[in-house]
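Worksheet: the structure to be examined is printed underneath.
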Amino acid sequence: MPPIKKKPSAAQSPKLKRGAAVPSSSRKPKQGRGWMKRLVILAVWLGVFGVLVGAISATAVVMYYSSQLPDFRKLTDYQPSLITKVYDRNGAVIAEFAKERRIWMPVGEMPKLLINAYLAAEDTDFYHHGGYDLKAIIRAALSNLLTNRKQGASTITQQVAKTFLLSSERTYDRKVKELLLSWRIEQVYSKDEILEMYLNRIYLGNGSYGVAAAAQTYFSKTLPELNVAEAALLAGLPQAPSRYNPLRNPDKAKARRDLVLSRMEKERMITPDQAAAAREAGLGLNPSPLKRGDDAPHFSEYIRRMVEQQYGSKALYEDGLIIYTTLDLETQKEAETAVYEGLRDYDRRHGWRGPLMHFDSMADWPQQLEKVADSYSYSTRIGEPAVVVSVGDKVMAGLYDERKVEIAPASAKWTGRSLAKLVKTGDVVMLKRDGKGAYNLEQIPEVQGGLAAVEVRSGEVLAMVGGLGEGVGFNRAIQAKRQVGSAFKPFVYTAALENGFTPASIVMDAPVVFRHGDSSWKPQNYDGKMSGPTPLRIGLEKSKNLMTINLAQEVGLRAVSDVVRRMGIPDRVPTTDLTVALGTVDMSLLDMTAAYAVYPRGGLFVPPSFISRIQDNRGKTLYRGHPACEGCLQQFGGSPDKVPAPPPIPATQALSPQVAYQMTSMLEGVVKRGTGYSASKLGLPLGGKTGTTNDYVDAWFMGFSPEMAVGVWVGFDKPRSLGHNETGARAALPIWKDFVAASHKGRRMMDFPVPEGIEFVQVDADNGMLPGPTTERVITEPFVPGTAPTTTAQPSFWDGIFGGESGAEDGNGGGFNPFGIF
């Protein structure tokens with residue numbers, strides 16, 4: 001075994017000379033430390049360089065995107081599209097016009113509960129971050145990279161920047177701009193200002209922008225009225241208004257609401273008990289879409305057109321005008337009901353016309369019926385379309401929601417046939433559910449009608465019905481001009497009173513013939529009878545054609561035309577055609593109603609008005625229907641304890657007060673003893689006049705109380721006969737009566753006021769003289785002093801010739817008419 005060599009000790013090691021080479025094995029540790037040092041230095045320099053490059057790049061990016069950012073100060077200048085609201089005279093909303101539903105509310109007036117719900121749902125750290133949440137951004141980025149679930153990280157400030165200043169595109173460019181804008185917004189606006197912008201502008205579905213509008217849309221509530229569950233539901237909508245729409249997707253909406261409640265509970269904004277109770281609650285929806293004027297469709301449409309024409313479409317749909325109208329909503333509802341019931345009664349008198357249509361195949365009846373239902377959406381007052389699905393012991397019908405209901409057998413009684421023999425499977429009919437839940441057979445009337453009601457004192461339109469069941473395209477109260485028939489006669493009698501006649505003056509009710517070349521016109525009374533010399537009053541009460549023709553011939557049609565013009569009717573009245581005296585001229589219902597209001601108003605004509613005031617969304621008055629009443633207490637004699645008199649109404653003196661009262665009295669006689677007698681049963685001081693045109697084409701009743709003038713027209717849009725005996729008294733007067741009864745219910749009403757310059761004298765009702773030994777009936781007649789009769793009634797030569805008093809009612813006289821078309 002070879003000897004082991006010992007490693008020399010340090011003392012025995014050879015000493016190296018200065019400058020001698022060091023063995024490589026001895027140099028390695030020192031050399032390694034040098035390289036490490038250099039690497040550290042290099043890393044530091046690279047880091048510094050990277051930071052500089054990053055800073056320069058970031059600055060460049062910021063500068064680049066900053067130059068492309070929109071001006072965030074637009075947030076302050078933002079003018080939201082607001083709702084124009086139309087109110088009735090008592091402050092009830094009639095209609096709303098807007099492209100979007102918006103109601104602006106200061107954040108200081110919003111309940112804390114609602115604000116907390118939105119903070120819990122959208123941005124719990126809103127009051128602590130500077131516009132963006134870096135931790136949330138990183139968390140969302142990692143989630144988007146590592147999972148398939150897309151997660152957002154936008155703060156409320158970012159949503160304000162994105163929604164109101166940027167596009168909705170999902171790109172990195174937009175995200176960078178959003179972050180920059182959010183930071184800038186936070187530097188300029190307070191947190192409350194940002195929150196107010198957000199809560200008033202976010203879209204929450206169903207055309208609603210902002211929380212106040214959404215509360216109205218979904219719950220018909222103001223914000224302070226919302227409970228915990230309702231506030232949470234609204235707070236869950238911004239993420240996806242369509243997906244979480246509670247009207248369309250109630251289950252998804254509830255799930256989202258419950259998630260918001262959990263977050264509110266976690267953030268200690270509500271107690272666990274509150275959260276649990278809210279989760280148990282239903283959605284509690286009470287939808288209130290924009291009011292489209294359904295309670296007063298033609299009036300609302302007329303207001304819409306007037307305002308749009310005057311102020312433009314933008315003002316109407318975006319500027320949030322406040323429009324106060326003259327309409328009385330309750331009176332309007334009574335008018336709509338009266339017209340519907342009257343036209344329905346007329347329609348039923350003329351029988352069943354058959355089904356709306358027939359489905360040849362019943363395989364897909366729900367889909368077919370849905371299309372039909374859309375076509376009759378305007379007929380909800382009348383009923384809804386339904387299809388007969390079976391006929392047997394019971395007649396069953398299907399509704400658009402696929403429910404099947406029984407048609408009440410008794411509801412077909414008015415047709416004169418049994419229900420089972422009246423319809424067959426596949427027939428589409430109208431059904432209406434009554435208060436007891438039964439579905440009754442209905443029919444859409446073909447006949448049309450209109451009603452106008454004007455306040456006597458002011459001329460303000462209180463109610464207006466322009467038709468039934470066909471939308472609002474054509475307003476028969478204003479746009480339709482039809483022959484007025486005997487409703488024109490009061491204008492002839494008014495002209496007579498202005499030209500020396502009195503209510504007791506005698507006019508011949510006798511045959512008259514007008515020749516025109518080889519032809520002739522021989523007018524007749526409605527009943528074909530004549531009564532000889534007759535007082536004016538009876539001629540009007542009984543609507544005598546012959547008397548009216550003779551009277552018009554005596555006073556002259558120019559005088560009649562002048563009366564019509566002064567009473568506010570713009571239509572030209574021919575002055576060479578005596579048939580005009582019987583109402584062969586075309587006039588609108590509203591013009592006629594405004595003219596009749598002159599009589600109880602003491603001879604004053606006041607143009608009918610629809611709008612009392614228009615204000616902008618800041619309360620500045622843009623239009624005032626009547627003179628301003630600032631300082632009314634002093635100006636009109638009021639005091640803190642006394643209501644001042646109303647401001648004066650613009651008016652023109654169309655008739656003398658004396659003539660106006662005499663005509664009022666004579667028209668009262670029409671109701672008490674004449675063609676309008678059925679209205680006397682109402683027990684009110686009323687005056688009026690029937691109107692019927694040739695062949696019963698148009699039926700009218702025009703009348704008034706001391707407070708209200710009302711006109712009704714009934715007829716077909718394409719003129720044709722209403723049917724035999726469908727006079728103004730039968731077709732129009734029932735509607736007038738029903739409306740006046742409803743609208744005057746509970747009112748204490750004084751009689752028509754008597755002006756100065758009127759004296760009352762008792763006369764013989766049949767001959768207009770002072771009562772004598774042959775007098776059978778006495779009437780107290782109003783006279784202008786000095787015009788009362790002075791002779792006493794005596795037996796008349798004419799009594800043996802004419803067979804007594806005629807019971808004539810209406811019509812244009814019949815026979816050939818070379819002067820015009822009846």
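Normalized C-alpha radius of gyration of the range 503-583, against 2.2 N^0.38 Å?
Working it through for the range 503-583, the quotient is 1.14.
Throw me the Rg/Rh for the range 701-756, computed over C-alpha atoms with Kirkwood Rh, two decimals. Can you show the working numbers first?
On the way: Rg = 14.8 Å, Rh = 13.3 Å.
Using Cα coordinates only, the ratio equals 1.11.
Shape summary: the range 382-480 maps onto an equivalent ellipsoid whose semi-axes, from the alpha-carbon gyration tensor, are 36, 13, 13 Å in decreasing order.
Its relative contact order, with pairs defined as Cα atoms under 8 Å and 6+ residues apart, puts the range 196-297 at 28 percent. Per-peptide packing, taken as the mean over residues of other Cβ atoms within 10 Å, places 780-792, 661-673 in the sequence 661-673, 780-792 from highest down. Okay, which of the range 180-214 sit inside 16 Å, backbone N to the point 7 Å along the Cα-Cβ direction of L285? What the label zone holds, given the 16 Å backbone N cut-off, is 204-208, 214. Using the Cβ-Cβ distance between R353 and K436 with R0 set to 25 Å, the FRET efficiency from 1/(1 + (r/R0)^6) comes to roughly 0.40. For the range 475-541, the alpha carbon convex hull comes to 155 Å³ per residue, rounded to a whole number. The label point for D616 and the one for H724, both projected 7 Å from the Cα toward the Cβ, are 6.6 nm apart.
When R305, R572 are compared by accessible area of protein heavy atoms, the largest-first order is R572, R305, using a 1.4 Å probe. Take the Cβ atoms of K252 and T380, set R0 to 35 Å, and the FRET efficiency comes out at 0.75. Phi angles across the range 241-258 convert, under the Karplus curve 6.51 cos²θ - 1.76 cosθ + 1.60 with θ = phi - 60°, into 3J(HN,Hα) values of x, 6, 5, 9, 4, x, 6, 9, 10, x, 5, 5, 5, 5, 4, 5, 4, 5 Hz, Gly and Pro given as x.
Taking E318, E726 and ordering them by how much accessible surface each has at a 1.4 Å probe, largest first, produces E318, E726. Distance between the modelled labels on K413 and H128, one decimal in nanometres: 7.4 nm (7 Å Cα→Cβ projection).
For the range 268-421, which whole-number percentage of the solvent-accessible area (1.4 Å probe, protein heavy atoms only) is attributable to carbon and sulfur atoms? Write down the numbers at each step before the final one.
Numbers: 3810 of 8170 Å².
Of the solvent-accessible surface of the range 268-421, carbon and sulfur hold 47 percent.
Relative to the current alpha-carbon distance between T792 and E330, full extension at 0.36 nm per residue lengthens the span by 161.1 nm.
Inverting the pair-averaged 1/r between distinct Cα atoms of the range 281-323 gives 12.3 Å as its Kirkwood hydrodynamic radius.
Normalised radius of gyration (Cα atoms, divided by 2.2 N^0.38 Å) for the range 278-402: 1.50. Distance between the modelled labels on S678 and M750, one decimal in nanometres: 3.3 nm (7 Å Cα→Cβ projection). Here, P(r) means the percent of Cα pairs in each 5 Å bin from 0 to the largest distance; for the range 644-728 it is 3, 13, 18, 18, 15, 13, 11, 5, 2, 1, 0. Placing a label point 7 Å from the Cα of Q553 along the Cα-to-Cβ direction, the residues of the range 478-494 whose backbone N falls under 17 Å from that point are 492-493. Take each peptide in 276-289, 488-501, count the other Cβ atoms within 10 Å of every residue, and average; sorted highest first, the result is 488-501, 276-289.
Annotation: peptides 430-441, 698-709, 581-592, 323-334, ranked by per-residue average of other Cβ atoms within 10 Å with the highest first, follow the order 698-709, 581-592, 323-334, 430-441.
Per 0.36 nm of contour for each residue apart, how much would the distance between S519 and T652 grow if the chain were fully extended, relative to their Cα-Cα spacing? The partial results should precede the final answer.
Numbers: separation 133, 0.36 × 133 = 47.88 nm, distance 4.34 nm.
Taking 0.36 nm per residue and subtracting the Cα distance, the gain is 43.5 nm.
The values are calculated or read from the model by the stated rules, or taken from the named source; none is laboratory data. Quick caveat, the model's predicted, so the values are computed rather than measured. Here Cβ is always computed from backbone atoms with ideal geometry, including for glycine, and neighbour counts include all displayed protein chains. Heads up: the accessible areas ignore ligands, DNA and RNA and are worked out on the full protein's heavy atoms, side chains in. Shrake-Rupley method; radii C 1.70, N 1.55, O 1.52, S 1.80 Å.
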